[in-house]
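Scroll down for the structure; my scribbles are underneath it.
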Amino acid sequence: MNVTIVYYTSNADHPHLEDSVRDLIKRNSGGLPIVSVSQRPIDFGHNIVVGDIGRSTENVFMQLELGAKHAKTKYVAVCEADFLLSEKFFAFRPPHEKVYCWPKDGYITWTKQPHKYYPMALDDLVGIVGREHLLSILKVLRKGVREKRRIRSAIRRAGESGFFDMGPVVTLKTRRQMHRTHPFDRKHPVFEIPVWGPAQEMWRQVGNK
């Protein structure tokens, strides 16, 4: 229990999708404490409501910082409203507090192309990291870092970071999201991955198809 889940959302995506993601987080996290920071009230751990402030990179950092400040554990698991995270993700523990740990097996899939997963590098915010280290990184990010490339660079400059075996992680993309894509491997799509199964069946269960 030395990890707190910090979950943040703008509540802008399809409600059924966000509900499904939260249900999976509860099911797979083994009773870890949850702090959720949302723009509308949700029933998910200790919920902090910031109001309808809109979607922006700055608001992402602000909401994540609020959640991390409220957490009391050594580590935090950073969770977003559109990511599928397995039991292995929540069971992972970093080698020390000052390393930002990203999942090495990342995939992206879209509602408009629901039968495929595409490999991608998950090296922005979703991961597990020491709480104090995360707060120090967020101080830098909130000074004006906006581009994804610069977010990754800021995290790497702040200390050690790396990719670890944390199970397959999937980001679900819909037309309602602020960022509808991410650099990915177009040449090597797959139809099925461990834990989550066939992409089309996964979307039927958690998405809006």
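Structure values in brief
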read-out: Calculated FRET value between Arg142 and Thr174, using beta carbons and R₀ = 25 Å, to 0.05; value: 0.40
read-out: Fraction of beta bridges assigned by DSSP in the chain that are antiparallel (%, nearest 5); value: 40
read-out: Only Lys, Arg (+1) and Asp, Glu (-1) charged, at Cβ; region 1-106 dipole about Cα centre in debye; value: 500
read-out: The chain, helix-only ellipticity at 222 nm - DSSP H runs n ≥ 4, -39,500 (n - 2.57), divided by all residues, nearest 500; value: -9000 deg cm²/dmol
read-out: Region 3-206 - percent relative contact order, Cα under 8 Å, separation 6 or more; value: 25
read-out: Paramagnetic label zone (point 7 Å from Cα along Cα-to-C-beta, Thr111; backbone N under 20 Å) in region 1-39; value: 8-25, 39
read-out: Alpha carbon centroid spacing (whole Å) that separates region 106-164 from region 23-101; value: 13
read-out: Charge dipole (debye, nearest 20) of region 3-206; +1 at Cβ of Lys and Arg, -1 at Cβ of Asp and Glu; value: 640
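FYI, it's all coordinate maths here, none of it is from the lab. From a predicted model like this one, the values you see are computed outputs, not experimental measurements. Every residue, glycine among them, receives a Cβ derived from its backbone with ideal geometry; neighbour counts consider all protein chains shown.
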